[in-house]
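Here is the structure we will look at, set down as structure tokens.
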Amino acid sequence: MFDNAGVMDTLQTALEELRSEELRPRSDGELEERLSRLARYRRVIESESARTVAEIERRGSFAVDGHLSMTSFVESRLGVGWSEAAREVRMARALEHMPAAREALQMGEVSSSAVGTLAAAREVDPDEFSRIEEDLVEVARTMPARGLRLAVERWKVRVGPQAAAREDAERYERRCMHVSRAGDGMVRVDGNLDPETGATLSTALDAVTGAWARSRVDDARSAAQRRADALGEVCRGWLSHADRPVVGGERPHITVVADLETLEGRTPARSETSVGTAIPAEAVRRLACDAQVSRVITSGRSEPIEVGRSVRVVPPSLRRALSVRDGGCAFPTCDRPVSWCDAHHVRHWADGGQTDLSNLILLCRRHHRLTHGGFRVEMVESSPVFRRPDGSVIEGPVPP
């Protein structure tokens, strides 16, 4: 079938032997060396794939089956998505004009993603790129992907400031964010941020997750869960400032609609936010610990007949006193600061508990959730005592 069928057969045999190799007896060093060599071999194969794509496009044979472009042919023949096919074709075309990058990829010294970065740089000024290509390829050999991107960005600004500015403007125009609610109540967030906004978000999230990492408390959350929780902390911090813009006569806030039976824990019925997101009864009680409450008396299910004045459950003056007394989360061994805490009623106000220092403690949002989800706390001689769901006391230092 191929003139070089013997080479392909040898490669196929080698791959089959590789796949059948047992890895468990291998030492750590042998596995690491194996991974490095596999990466080099993969790059060599990617180089040959690009060379083959370039030759097929040169011949125009992709049109025999009715394909209108090489990208369409690659998408169909290799069973990949359009974006991946287009990336494959772009790299094949670029390598025709990038001898140093082509040789480095053939030798397995640089990755295909590095070649893509170099190819994008070449488009800024092909002639100038030819003069500096070997230097940039050396950066790709010796530096991680981030180092190569920085080197390329600096080069772009130096040789083509207008093109670099245009590229920056194009990136800015591609910014977007989608927030959608799934059927199970989860909220999906996805999108693209321009570099400046992305750096701002990363810095804010790193500041929160970094503080958590320095905490003495064990954290079983995944990195993705920590980032999701950190985003919530950043947003809550923004909303908590008094100078936020007024919307509909009020500062931005989350509105939860719940009946009295739910607040008193007499029914497990789920309540809803003003945008229709269902919330379990215990979550409603947790949110109501430290909130602004408005009484609305209705006729039937939906017709309001009396609206009472909004009342802040824990007033600012009492919150300040709590901050001085607890200094942060009161849960044993937790050292999260006041700004990350809610005021928690030991005996819920909906159950008749008083909103005063003797019945209030500060809890960070994670421990506040735990305390409304199986863990319990009681005041003993003016100090909080926490219990696990099985009733056993959690030992450990408690903030004074």
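Listing for the model above:
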item: Sum of side-chain charges, ALA223 neighbourhood, beta-carbon under 12 Å (Lys, Arg +1; Asp, Glu -1); result: 0
item: Local net charge near SER83, Cβ-Cβ under 11 Å (Lys/Arg +1, Asp/Glu -1); result: -1
item: Three-way shape label, the range 14-132, alpha-carbon gyration tensor, a/c 1.5; result: oblate
item: Packing-based ranking, highest mean first, of 195-201, 66-72 given that Cβ atoms within 10 Å are counted; result: 66-72, 195-201
item: Tensor-based shape of the range 126-195 (alpha-carbon gyration tensor, a/c under 1.5 rounded, otherwise prolate or oblate); result: oblate
item: Label point at ALA223 placed 7 Å out along Cα→Cβ; residues across the range 192-214 whose backbone nitrogen lies under 16 Å; result: 202-203, 205-214
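Bear in mind that the values in this text are calculations on the coordinates, not laboratory data. Here the structure is a predicted model, which means the values were calculated and not measured. Cβ atoms come from the backbone with ideal geometry, glycine included; neighbour counts cover every protein chain shown.
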